[in-house]
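Here the structure is laid out as C-alpha cells; the discussion comes afterwards.
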C-alpha cells in the first residue's frame, strides 16, 4: 500500500499512543499526511510526529479535547491550515473507567458517553463538509468487542461502544452516495496501556495471546483502502467471538 494515500490528509484522535499511534504510522507509511490529536500526551505525540518525519512522512500534533464542540471546530481548522482538507478520520479517542455495577456512578456514565461516543459524532460532523466537497472520505470508528459482549470494564463502556457502532451504520447509510465510507473496527484484549496489569485475561483468548496495536492498524487500513465496504464492523478477538 506504499504511497496509495499520497495527497490524502488523515486525522487520528487519541493518536499519541497504543492503537492510535499504530494507525498513525500505518497511514503515514501509505503516504498520507497525518494529524496526531491528543489531549494531554503532547510529548508522546511529538515524538511520534518526529518518527514519522524521519521516515519521510508528514505529521503534525494538534492537542484538543474532542469531547467539546468548540475544541473540535478549532482542531479541524488547525489541521486544515497545516496539512489541507481532511480526507480520512479515525475516531479512536476514548476512556475506560473500570467499574462494577454497584460502583458505577452517573458521572462515570456521562463522562464515558461524552468521550467515547459524542466525540465521534462531533468529529464526524466537523469533517463532513470537506469530504463532501471532494466526494471522497473514509471514516473509521474504533469500537470494541464490548459493544456486543460482556466486556470487563463495565456496562457504561459497553453502551458507549455499542452506540459507536450504531453511529457507524447510521452515517454509512446516509453518506454512501457521496463517496464517503464509514466503518468500524472492534478489537478485544489488545496489548496496550489499558491491558497493563491484567495478564490473567489472556486465559480468555483461544489464540493464547493479546492482540497487537499493529494488527488493529492493519484492519483500519483495509477499510481505508476499500471503496466498496461501508457500514461494517471488523472484529479482532483472537477467536473469543464470531460475528
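FYI, it's all coordinate maths here, none of it is from the lab. Quick caveat, the model's predicted, so the values are computed rather than measured. Please note: Cβ atoms are built from the backbone with ideal geometry, for glycine as well, and neighbour counts cover all protein chains shown.
Give the shape of the stretch 98-242 as rounded, prolate or oblate, defined through the alpha-carbon gyration tensor: a ≥ b ≥ c are the square roots of its eigenvalues, a/c under 1.5 means rounded, and otherwise the shape is prolate if a/b is larger than b/c and oblate if not. Oblate, because a/c is 1.5 or more while a/b does not exceed b/c. Averaging the Cα positions of each part gives two centres, and for the stretch 30-93 and the stretch 127-185 these lie 19 Å apart.
Angle of helix 69-82 to the longest C-alpha principal axis of the chain, folded into 0 to 90 degrees and rounded to 10: 40°. With R₀ set to 35 Å, the beta-carbon distance separating residue 240 from residue 47 gives a calculated FRET efficiency near 0.60. Using 0.36 nm per residue and subtracting the Cα-Cα separation, the extra length available between residue 40 and residue 81 on full extension is 12.6 nm.
Determine the shape class of the chain: with a ≥ b ≥ c the square roots of the Cα gyration tensor eigenvalues, call it rounded for a/c under 1.5, and otherwise prolate if a/b is greater than b/c, oblate otherwise. Note, shape of the chain comes out rounded. Which parts of the stretch 221-243 would a label at residue 162 reach, counting a residue when its backbone N lies under 19 Å from a point 7 Å out along Cα-to-Cβ? Answer for the stretch 221-243: 232-236, 241-243.
Is it possible to state the helix-based mean residue ellipticity at 222 nm for the chain, with each DSSP H run of 4+ residues giving -39500 (n - 2.57), the sum divided by total residues, to the nearest 500 deg cm²/dmol? What is it?
About -12500 deg cm²/dmol.
If you line up the long axis of helix 155-175 against the longest principal axis of the chain, both from Cα atoms, how many degrees apart are they, to the nearest 10? The angle comes out at about 30 degrees. Kindly express, to the nearest 10 degrees and within the range 0 to 90, the angle between helix 42-54's C-alpha long axis and the longest C-alpha principal axis of the chain. Relative to the chain, helix 42-54 is tipped by roughly 50 degrees. Here the contact order of the chain, divided by its residue count and restricted to Cα pairs under 8 Å and six or more residues apart, works out to 18 percent.
A simple spin-label model places pseudo-atoms 7 Å from Cα toward Cβ; at residue 55 and residue 69 they are separated by 3.8 nm.
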